[in-house]
Amino acid sequence: MEEFNILALLIILAGAWVGGTAAKKLGYPPILGELIIGIILGPAVLGLLESSEMIAVLAEVGIILLMVYIGIEINFRDLGKASWPGLLAAIGGFIVPFGLGYFTIIYFGGTNIAALFVAIAVGVTSLATKSRILVDLKLLNTRIAYVLMAGALISDTLALIIFAGMLSFVDAGSIDTWGLIWVAGKAILFFLLTALAGYFLLPLLGKILSDKKVKSRTFHFTLILLIVFIFCELAELAGLHSILGAFMAGLFIRDGVFNRQISKEIHDIFHDVSIGFLAPIFFVSAGFHVTLEVFQTDLLLLTVVILVAMVGKIVGTAVFYLPSGYGWREGIAVGTGMNGRGAVEIIIAGIGLEMGIISDDIFSILVFMAILTTLSVPVLLTWTTNWLRKRGELINQETRKGTLILGANPLGLYLARHLKENEEVVIVDSNRDLAENSRAQGFSTVTGNILKEETMESAEAFDTGTFIALTSNNEINLLAAQLAHDAFFVPRNIVLVAPHQGGAGVELLDRIGASSMFATQTELAPWILKIDSGEVEEVTEEVEEKISTRTWLKQNRSEDSKFLPLLIIDQEGKKRPFHFHDEIEAGEKVLYLR
């Protein structure tokens with residue numbers, strides 16, 4: 001048996017961390033850096049490392065856990081956000097490059113099976129790549145973002161289904177009519193059994209554990225691993241690859257099986273174990289199989305595959321997108337966003353290499369295609385979305401709307417009164433007198449402890465777009481925002497941070513992606529007294545050029561001037577809270593109190 005090489009593992013993990021961190025800082029997904037590090041450390045460049053049985057086993061476990069995590073990340077409810085245009089984008093962005101990729105390999109003398117593997121790899125898109133780039137470009141609330149996410153989900157799922165059928169064919173070898181029926185039957189039976197287990201058995205198991213009050217995170221994680229490997233074994237028995245079983249398991253353990261807090265913790269564990277440990281081993285070791293000789297021997301094929309992948313994805317998406325009625329320009333923007341490849345493409349290519357279906361040269365071409373197409377996404381997507389923005393065609397599409405405010409104090413009600421002009425506002429407070437006063441003023445109000453999930457549920461936090469914590473207690477504000485983020489997935493969390501307080505640290509803001517209200521530390525009590533006594537004055541000031549909220553605050557605050565920046569008013573008159581992680585566009589106004 002091969003000796004466990006701890007030094008090789010150390011170098012791989014250290015290299016993955018360096019490469020992933022560098023890629024992330026440049027705005028790209030970490031797997032891009034991990035692949036490049038693998039190419040550098042492997043036989044292609046430095047020759048420090050090469051694949052081994054130990055690395056192969058860890059990499060195999062890594063992609064299984066990564067596929068579980070990808071499955072957990074996919075929320076089928078999200079497909080409803082842009083189901084029709086997302087479906088059009090997915091079909092066009094998959095079929096066109098799929099067909100072009102297939103015929104390209106056939107033209108260059110490849111086998112039918114090799115051509116199919118390349119076609120699938122060319123057709124997929126990267127959900128993880130989209131998520132990060134959409135955040136960086138501040139496009140998450142646009143229609144394009146929802147179409148891209150829906151398109152990526154559908155595209156990758158479609159790719160995995162075709163991949164499943166192809167693996168069955170490869171496993172069976174030469175097939176007659178009855179053999180083909182048997183192969184298809186096993187695949188259908190696998191999906192049927194896993195779907196039945198996911199819809200009926202797993203929720204029943206979750207209910208039993210809930211009734212028994214089993215809350216151990218370790219127990220749940222071990223149980224889910226058992227479920228995952230049972231699904232993987234079912235996939236293998238059906239002649240499919242284990243990653244299909246892992247993917248199906250992830251889809252069904254996302255939510256609705258265990259309580260929300262356990263589900264969130266399990267999600268975080270799979271993220272850390274797969275993306276933080278085992279999956280990087282797979283991506284770095286994938287780089288070991290890359291050969292730079294393709295730039296000499298197969299440069300023409302490499303160039304054609306990259307062009308086919310990019311042009312096929314963008315043009316195919318734009319053409320198929322036309323029936324959505326949103327225009328060809330938006331179709332091109334969606335196509336540029338879907339152009340990046342990622343984990344699923346590399347996994348499929350790696351399996352093809354392992355099975356001997358594609359050569360090292362073809363695998364290398366697919367890796368370089370993944371790298372170059374992903375590098376193009378932020379550049380092309382920035383250009384196309386700016387183009388749409390200048391034409392007034394970049395459409396915002398909020399699916400989670402409204403604001404939930406913690407604190408029925410005078411400042412909370414004052415803010416709510418303004419926000420209520422544009423959207424629904426719900427106020428939560430544990431103080432019955434304050435809650436009754438809020439109701440008397442016409443606000444939808446919930447009385448209860450915000451740190452209890454049932455209070456959040458009563459306030460319909462699952463449908464809320466923004467949570468604002470406005471109490472004088474930093475710890476309650478931060479913990480409430482953490483609950484809103486972790487258990488109810490509220491996308492925007494804004495917290496009042498009072499100076500000179502202990503308790504929960506403000507570093508929690510970054511972990512949950514929260515922002516400080518008013519873009520600075522603020523004492524609540526003085527402003528409550530001012531509002532109660534009617535001593536506040538509203539002032540609006542128009543901004544002439546784009547500026548961050550924190551810079552605006554520094555430029556306008558003086559030692560002898562007490563003022564509170566409350567809201568930003570856009571050119572259409574819509575108001576949003578003034579907070580740290582925001583920018584004020586030229587022509588927008590700041591409403592502040594003094």
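The values are calculated or read from the model by the stated rules, or taken from the named source; none is laboratory data. Because the structure is a prediction, the values reported are computed rather than measured. FYI the Cβ positions are ideal-geometry reconstructions off the backbone, even for glycines, and counts take in every protein chain you see.
Yes or no: the stretch 392-401 includes at least one residue that is closer than 21 Å to residue 576 by Cα and without any contact (Cβ under 8 Å) to a residue 24 or more places away in the chain. Steps first, please.
If we filter the stretch 392-401 for residues that are closer than 21 Å to residue 576 by Cα, which is where we start, we get 392, 394-401.
Adding the requirement that they be without any contact (Cβ under 8 Å) to a residue 24 or more places away in the chain leaves 392.
Scanning the stretch 392-401, I find at least one residue that is closer than 21 Å to residue 576 by Cα and without any contact (Cβ under 8 Å) to a residue 24 or more places away in the chain, so the answer is yes.
Out of all the residues in the stretch 26-48, which are more than 21 Å from residue 365 (Cβ to Cβ), hydrophobic (A, V, I, L, M, F, W, C) and either assigned by TED's automatic domain parsing to the domain that holds residue 295 or surrounded by 22 or more Cβ atoms within 10 Å (Cβ to Cβ) (or both)?
none
For residue 575, which of the numbered conditions (1) touching a residue at least 40 places away in the same chain (Cβ under 8 Å); (2) loosely packed, with under 15 Cβ neighbours inside 10 Å; (3) under 19 Å from residue 415 (Cα atoms) fails to hold?
(2)
Is at least one residue of the stretch 106-125 at pLDDT below 90, part of a loop (DSSP other than H, G, I, E, B) and crowded, with 24+ Cβ neighbours inside 10 Å?
yes
I'd like the residue in the stretch 484-507 that is part of a helix (DSSP H, G or I) and in contact with a strand residue (DSSP E or B) (Cβ under 9 Å, 6 or more places away or on another chain) and, out of all such residues, is modelled with the highest pLDDT.
484
How many residues does the stretch 283-299 contain that are in contact (Cβ under 8 Å) with a residue 12 or more places away in the chain, under 22 Å from residue 119 (Cα atoms) and in a helix (DSSP H, G or I)?
5
Any idea which of (1) among the β-branched types (Val, Ile, Thr); (2) modelled with pLDDT of 90 or more; (3) over 28 Å from residue 537 (Cβ atoms); (4) out of contact with any helix residue (DSSP H, G or I) (no Cβ under 8 Å at 6 or more places or on another chain) is the one residue 379 doesn't satisfy?
Single failed check for residue 379: (2).
Does residue 546 satisfy the condition of being of a type in the set (Lys, Arg), loosely packed, with under 15 Cβ neighbours inside 10 Å and either over 25 Å from residue 472 (Cβ atoms) or in contact (Cβ under 8 Å) with a residue 60 or more places away in the chain (or both)?
On the way: of a type in the set (Lys, Arg): yes; loosely packed, with under 15 Cβ neighbours inside 10 Å: yes; either over 25 Å from residue 472 (Cβ atoms) or in contact (Cβ under 8 Å) with a residue 60 or more places away in the chain (or both): yes.
For residue 546, the condition - of a type in the set (Lys, Arg), loosely packed, with under 15 Cβ neighbours inside 10 Å and either over 25 Å from residue 472 (Cβ atoms) or in contact (Cβ under 8 Å) with a residue 60 or more places away in the chain (or both) - is met.
Would you mind finding the one in 193, 202, 234 that is farther than 22 Å from residue 62 by Cα, outside any loop (DSSP other than H, G, I, E, B) and over 27 Å from the mean Cα position of the chain (by Cα)?
Going through 193, 202, 234 in turn, the sole match is 193.
If you scan the stretch 27-56, which residues turn out to be over 16 Å from residue 5 (Cβ atoms), part of a loop (DSSP other than H, G, I, E, B) and free of Cβ contacts under 8 Å to residues at least 60 places away in the same chain?
The one that is over 16 Å from residue 5 (Cβ atoms), part of a loop (DSSP other than H, G, I, E, B) and free of Cβ contacts under 8 Å to residues at least 60 places away in the same chain: 46.
State the number of residues belonging to the stretch 463-487 that are under 19 Å from residue 424 (Cβ atoms) and of a type in the set (Ser, Thr, Tyr).
Residues meeting the conditions: 2.
Looking at the stretch 575-594 only, could you name the residues that are under 19 Å from residue 494 (Cα atoms) and at pLDDT 90 or above?
575, 576, 577, 578, 579, 584, 590, 591, 592, 593 - these are the residues of the stretch 575-594 that are under 19 Å from residue 494 (Cα atoms) and at pLDDT 90 or above.
Can you tell me which residue is farthest from residue 328 (Cα to Cα) among those in the stretch 418-444 that are exposed (fewer than 15 other Cβ atoms within 10 Å of the Cβ) and touching a residue at least 24 places away in the same chain (Cβ under 8 Å)?
441
Out of 23, 14, report the one residue that is at pLDDT 90 or above, outside the structural domain of residue 272 (by TED's automatic domain parsing) and closer than 30 Å to residue 339 by Cα.
The match here is 14.
Residue 377 - would you say it is in the same structural domain as residue 166 (by TED's automatic domain parsing), buried (at least 20 other Cβ atoms within 10 Å of the Cβ) and within 25 Å of residue 240 (Cβ to Cβ)?
When the stated conditions are applied, residue 377 does not pass them.
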